[in-house]
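The values are calculated or read from the model by the stated rules, or taken from the named source; none is laboratory data. Quick caveat, the model's predicted, so the values are computed rather than measured. No Cβ is skipped: glycine too gets one built from the backbone with ideal geometry, and neighbour counts run over all protein chains shown. Surface accessibility is based on the protein's heavy atoms, side chains included, excluding ligands, DNA and RNA. Shrake-Rupley method; radii C 1.70, N 1.55, O 1.52, S 1.80 Å.
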Amino acid sequence: MSTVSELLPYQVMKDQAARDILRAAIEAESGNVTRAARRLGLQRTHLQRLLMRYKLRRVARELRRSARLT
């Protein structure tokens, strides 16, 4: 059995889960922030703030760019 010190801190696990959810929504919508926000039930501006917090703006931008090329 793991001790508490061996487990990831709550905030680290929460941040990783949030990052994974945001990334999945952005990928599902090919980088379109408006549609990803709608998918998540968030306002677009709130999603943009979350993308900045979790350093995912570049991912969204690259997905949008690659979607335009195909």
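Structure data summary
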{"read-out": "Qualifying positions in the range 43-55 - out of contact with any Lys or Arg (no Cβ under 6 Å at 6 or more places or on another chain) and either within 14 Å of D20 (Cα to Cα) or open to solvent by 90 Å² or more (accessible area, probe 1.4 Å) (or both)", "value": "Q43, R44, L47, R49, L50, M52, R53, K55"}
{"read-out": "Selection count where residues are farther than 18 Å from V59 by Cβ and either surrounded by 11 or more Cβ atoms within 10 Å (Cβ to Cβ) or at pLDDT 95 or above (or both), scope the range 1-37", "value": "2"}
{"read-out": "Which numbered condition R68 misses (of (1) open to solvent by 60 Å² or more (accessible area, probe 1.4 Å); (2) closer than 18 Å to A18 by Cα)", "value": "(2)"}
{"read-out": "Cross-chain or 6+ apart pairs with Cβ under 8 Å, the range 32-61 first and farther than 17 Å from D15 by Cβ, then open to solvent by 100 Å² or more (accessible area, probe 1.4 Å) and modelled with pLDDT of 95 or more", "value": "V33/R44; T34/R44; A37/Q43; A37/R44"}
